[in-house]
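Colleague: Attaching a single structure in structure tokens format; questions to follow.
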Amino acid sequence: MNATCPIGVFDSGIGGLTVASAIRRALPNESILYFGDTAHLPYGEKSADAIRYYCIRISQFLLDHDCKMIVLACNSASSAAYDILVDFFKNKSLFVNVVDPLVKLAQKKEYKKVGVIATKATISSNAYRSKLVAADPNKNVVQLATPLLVPMIEEGFYNDNISEQIIHKYLSDDSLQNLDALLLACTHYPLIRKHIEQYYKGKVDVIDSAEPVAVEVKRLLSEKALLNNSQKPVHRFFVSDYTRSFEETTKLFYPENISLEEVSIW
Ligand code: DGL
């Protein structure tokens with residue numbers, strides 16, 4: 001493992017590209033090796049055991065490609081598998097999840113009531129609530145699974161009447177009233193952040209994990225003297241199941257044209 005090795009970033013599919021994109025902006029010299037487990041998405045509907053099994057295999061693939069760091073760019077994966085990956089691979093790589101940087105950011109503010117929206121897997125793991133409450137037992141943390149949002153965004157409905165109705169339906173849930181902040185605990189949701197902010201008319205802080213994760217990646221690489229300051233970066237994007245439609249959808253999440261490479265790791 002040395003500074004010129006790539007940063008591995010993985011997700012169940014292509015939503016994690018929002019995180020890859022933020023890492024690229026923060027660290028333009030770093031090479032990124034992205035893996036989208038399109039054969040098994042959505043993770044949000046899977047059991048924790050299934051997600052853990054997929055994550056171990058993907059991490060091994062990224063380690064086989066000499067990744068100096070592995071970023072779990074998926075909340076469902078981070079909630080179910082982060083601790084297991086750190087334990088399983090011990091000192092072989094650095095691991096960064098998307099939950100902790102968002103929780104840290106929310107802790108810094110004096111929010112009394114925090115809402116969390118995410119996939120079913122993330123909500124049922126209780127990862128956000130338990131971490132937020134462990135740091136501040138008086139914090140009121142309310143959670144809502146919002147499973148329609150991922151397919152809605154992937155089908156291109158993220159800035160129109162249909163998405164507006166679905167978003168409003170979820171956000172008007174009784175549990176999500178009188179919030180100080182809403183955490184967008186899914187790597188797809190930055191695409192609908194503006195819509196959500198409009199819904200709250202600036203009265204609620206709406207926070208997603210892409211930028212905070214990029215900051216944490218930079219901090220950790222710097223701490224370990226693994227920042228790549230010299231080389232021209234090379235980015236590669238792997239998927240476990242290629243379809244033209246996945247490649248098309250990457251345009252929603254990443255600012256440049258991407259060629260997806262299919263790889264069989266199962
Ligand atoms: N990217 C996943 C997450 O952040 C959502 C997509 C899925 O369910 O696989 O939880």
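The values are calculated or read from the model by the stated rules, or taken from the named source; none is laboratory data. Bear in mind that the values here come from a model prediction, so they are computed numbers and not experimental data. Positions of Cβ are backbone-derived with ideal geometry, glycine not excepted, and every protein chain shown enters the neighbour counts. The protein model used for the area step is the full one, side chains on, heavy atoms only, and it has no ligands, DNA or RNA in it. Shrake-Rupley method; radii C 1.70, N 1.55, O 1.52, S 1.80 Å.
Here is a yes/no grid of residues against (1) aromatic (Phe, Trp, Tyr); (2) without any contact (Cβ under 8 Å) to a residue 40 or more places away in the chain; (3) surrounded by fewer than 18 Cβ atoms within 10 Å (Cβ to Cβ); (4) in contact with a helix residue (DSSP H, G or I) (Cβ under 7 Å, 6 or more places away or on another chain):
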residue	(1), (2), (3), (4)
Ala185	no, no, no, yes
Arg193	no, yes, yes, no
Lys201	no, yes, yes, no
Asp205	no, no, yes, no
Asn228	no, no, no, no
Phe238	yes, no, no, no
Leu260	no, no, no, yes
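Colleague: Tally time: how many residues in segment 73-90 are within 14 Å of the ligand (Cβ to nearest atom) and open to solvent by 20 Å² or more (accessible area, probe 1.4 Å)?
Modeller: Number of matching residues: 2.
Colleague: Checking Ile14 against (1) at pLDDT 95 or above; (2) within 13 Å of the ligand (Cβ to nearest atom), only one condition comes out false. Which one?
Modeller: All conditions pass for Ile14, except number (1).
Colleague: Looking at (1) within 16 Å of the ligand (Cβ to nearest atom); (2) open to solvent by less than 50 Å² (accessible area, probe 1.4 Å), which is the one condition that is false for Lys46?
Modeller: (2)
Colleague: So, in segment 129-177, of the ones that are among the small types (Gly, Ala, Ser) and under 21 Å from the mean Cα position of the chain (by Cα), which residue ends up farthest from Glu247 (Cα to Cα)? Reasoning before the result, please.
Modeller: Filtering segment 129-177 for residues among the small types (Gly, Ala, Ser) gives 130, 134-135, 145, 156, 163, 172, 175.
If we keep only those that are under 21 Å from the mean Cα position of the chain (by Cα) too, we end up with 130, 145, 156, 163.
Details: Ser130: 36, Ala145: 27, Gly156: 13, Ser163: 22 Å.
Step by step, filter segment 129-177, then rank; the result is Ser130.
Colleague: Same structure, new question: So which pairs qualify, if the first residue must be in segment 1-24 and on the phi > 0 side of the Ramachandran plot and outside any helix (DSSP H, G or I), the second must be open to solvent by less than 10 Å² (accessible area, probe 1.4 Å) and near the ligand (Cβ under 10 Å from one of its atoms), the Cβ gap must be under 6 Å, and the two must be at least 6 apart or on different chains?
Modeller: Pairs found: none.
Colleague: Can I ask one more? Across segment 80-128, what is the number of residues that are more than 19 Å from Ala210 (Cα to Cα) and assigned to a strand (DSSP E or B)?
Modeller: Looking only at that region, the number is 1.
Colleague: I've got another one for you. For segment 34-43, what are the residues that are more than 10 Å from the ligand (Cβ to nearest atom) and open to solvent by less than 10 Å² (accessible area, probe 1.4 Å)? Steps first, please.
Modeller: Within segment 34-43, the subset more than 10 Å from the ligand (Cβ to nearest atom) is 34-35, 39.
Within segment 34-43, Tyr34, Phe35 qualify.
Colleague: Right, next: Filter segment 152-183 down to the residues that are open to solvent by 20 Å² or more (accessible area, probe 1.4 Å) and of a type in the set (A, V, I, L, M, F, W, C) and list them by number.
Modeller: Within segment 152-183, Phe157, Ile162, Ile166 qualify.
Colleague: Taking the condition more than 23 Å from Glu155 (Cβ to Cβ), within 16 Å of the ligand (Cβ to nearest atom) and touching a His at 6+ places or on another chain (Cβ under 8 Å), does Tyr54 pass?
Modeller: yes
Colleague: Then there is this: Of the numbered conditions (1) within 12 Å of the ligand (Cβ to nearest atom); (2) at pLDDT 95 or above, Pro151 fails exactly one; give the number of that condition.
Modeller: Looking at each condition in turn, Pro151 falls short on (2).
Colleague: Just checking, which of Ser31, Ser124, Ser93 is within 16 Å of the ligand (Cβ to nearest atom) and in contact (Cβ under 8 Å) with a residue 12 or more places away in the chain?
Modeller: Every option except Ser124 fails the conditions.
Colleague: What are the residues in segment 146-189 that are hydroxyl-bearing (Ser, Thr, Tyr) and part of a helix (DSSP H, G or I), if any?
Modeller: Selection gives Ser163, Tyr170, Ser175, Tyr189.
Colleague: Would you mind stating whether Tyr54 is at pLDDT 95 or above, of a type outside the set (Gly, Ala, Ser), buried (at least 16 other Cβ atoms within 10 Å of the Cβ) and part of a helix (DSSP H, G or I)?
Modeller: yes
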